[in-house]
Amino acid sequence: MKKKWLLVFIAVFMVLAYPGINAYADMGPKPSVTISFYGLEGKSYYVTLLSKTSSTGPWSVDGEPYGDVSEEIAQKFRQYQDPDGFYFLNYYKLCEENDIFEWTYHPPQEFKILLYFPDEDRFLASKSSYERYAFDSYFKVEVSSGAIAIEEGQVVKNYDYLNEALEFLMRVAVTLAIEIGLALLLKYNKKEYLKVIGFTNLGTQTFLSAAVVLSTYFHGALSSIFFLPALEIIVFIAEATVYSIFFKKINPDKNSHPIAFSFLANLLSFIAGLFIYRLF
């Protein structure tokens with residue numbers, strides 16, 4: 001039985017953690033790239049990502065310009081010759097000063113950053129290429145307007161790992177509080193009951209919260225809602241099994257209703273999890 005549960009947990013983690021799995025085909029949100037620029041005060045500039053491939057999603061070298069459309073600017077980008085053969089895919093946006101550039105629908109997997117300053121008729125390109133590393137990949141670029149190139153050290157990943165860590169800890173803490181509080185309310189107030197409930201939840205909710213964070217990181221926030229009911233069912237079955245075994249050992253004479261307790265506790269935890277999802 002233990003081996004069976006271990007295999008189930010490993011299988012779920014592999015599905016959630018492997019970035020190549022696309023659970024939605026062409027439905028739902030798509031991966032994105034967001035770049036925050038710093039050091040360009042007082043400047044207006046156009047931004048694009050040059051792609052290692054000649055097309056991605058609806059974007060291609062032969063497509064129509066999209067973004068802050070200007071045929072003159074589009075022609076400038078088309079005429080740019082990247083030394084490594086990266087392609088302009090006709091997607092670009094106008095940015096002002098320390099602005100944010102977003103490519104939210106099928107951005108290139110591997111790309112270079114290219115800026116064009118119309119007032120100076122000058123390009124500013126990254127020397128190195130970068131890759132999407134998460135479903136929503138964030139980068140920070142610190143560069144002065146007078147630079148001749150964007151050096152590798154000036155581009156850093158900018159994903160909000162702190163926010164993910166806080167969500168993880170809050171999920172575990174809130175769920176533990178709910179289940180221990182419910183146990184006390186329903187008179188499971190012996191130290192032995194609380195130990196079983198506490199340690200069981202620490203394990204199952206760590207698994208659940210880690211799975212939600214991994215799912216969000218690799219597949220986007222919507223995937224958490226997609227996978228959460230199935231994960232909650234796995235957690236419910238695991239907890240109900242543990243409670244059924246140990247509650248009977250703690251007090252053989254008490255009709256402790258471990259399955260009903262597990263169902264109610266997980267229902268409340270599921271509702272709390274949805275509120276935490278909205279919060280973050």
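Laboratory data are not the source of any read-out in this text; all were calculated from the coordinates shown. Please read these numbers as outputs of a predicted model, since none were measured by experiment. Virtual Cβ from ideal backbone geometry, glycine too; neighbours counted across all protein chains shown.
Taking +1 at the Cβ of each Lys and Arg and -1 at the Cβ of each Asp and Glu, which of PRO58, MET170, TYR87 sits farthest along the dipole of the chain towards its positive end, judged by Cα position relative to the Cα centre?
Projecting each Cα onto the dipole axis, the largest value belongs to MET170.
Compute the long axis of helix 161-185 from its Cα atoms, compare it with the longest principal axis of the Cα atoms of the chain, and write down the angle in degrees, 0 to 90, nearest 10.
Long axis of 161-185 versus the principal axis of the chain: about 20 degrees.
Testing the spin-label approximation: label points 7 Å from Cα along Cα→Cβ at LYS190 and ASN98. State their distance in nm.
With each label placed 7 Å out from Cα toward Cβ, I get 6.1 nm.
Starting with the highest mean, order 208-221, 258-271 by the number of other Cβ atoms within 10 Å, averaged over the residues of each peptide. Don't jump to the answer; show the numbers that get you there.
Values: 208-221: 21.3, 258-271: 18.2.
Put in order of decreasing packing, that is 208-221, 258-271.
For the stretch 241-250, take each phi angle, set θ = phi - 60°, evaluate the Karplus expression 6.51 cos²θ - 1.76 cosθ + 1.60, and give the result in whole Hz per residue in order, putting x for glycine and proline.
Rounded to whole hertz, the list is 5, 5, 5, 4, 6, 7, 4, 5, 6, 5.
From Cα pairs below 8 angstrom and at least 6 apart in sequence, can you work out the relative contact order of the chain, rounded to a whole percent? List each step's numbers first, then the result.
Details: 410 pairs, mean separation 55.1, N = 280.
The normalised contact order for the chain reaches 20 percent.
From the backbone phi of the stretch 259-275, what are the Karplus-calculated ³J(HN,Hα) couplings (6.51 cos²θ - 1.76 cosθ + 1.60, θ = phi - 60°) in whole Hz, Gly and Pro given as x?
5, 5, 4, 4, 5, 5, 4, 6, 5, 5, 5, 4, 4, 4, x, 5, 5
Specify whether the C-alpha gyration tensor of the stretch 32-157 places it in the rounded, prolate or oblate class, a ≥ b ≥ c being the square roots of the eigenvalues: rounded for a/c under 1.5, otherwise prolate if a/b is larger than b/c and oblate if not.
rounded
Relative to the first principal axis of the alpha-carbon coordinates of the chain, what is the inclination of helix 191-219, with its axis defined by its Cα atoms, in degrees from 0 to 90 and to the nearest 10?
20 degrees
Antiparallel as a % of all DSSP beta bridges within the chain, to the nearest 5?
Counting DSSP beta bridges with both partners in the chain, the antiparallel share is about 70 percent.
In whole angstrom, how far apart do the alpha carbon centroids of the stretch 35-106 and the stretch 184-226 sit?
Comparing the Cα centres of the stretch 35-106 and the stretch 184-226, I get a distance of 43 Å.
Rounded to the nearest 5, what is the percent of antiparallel bridges among the DSSP beta bridges in the stretch 32-157?
Of all bridge pairs located within the stretch 32-157, approximately 70 percent are antiparallel.
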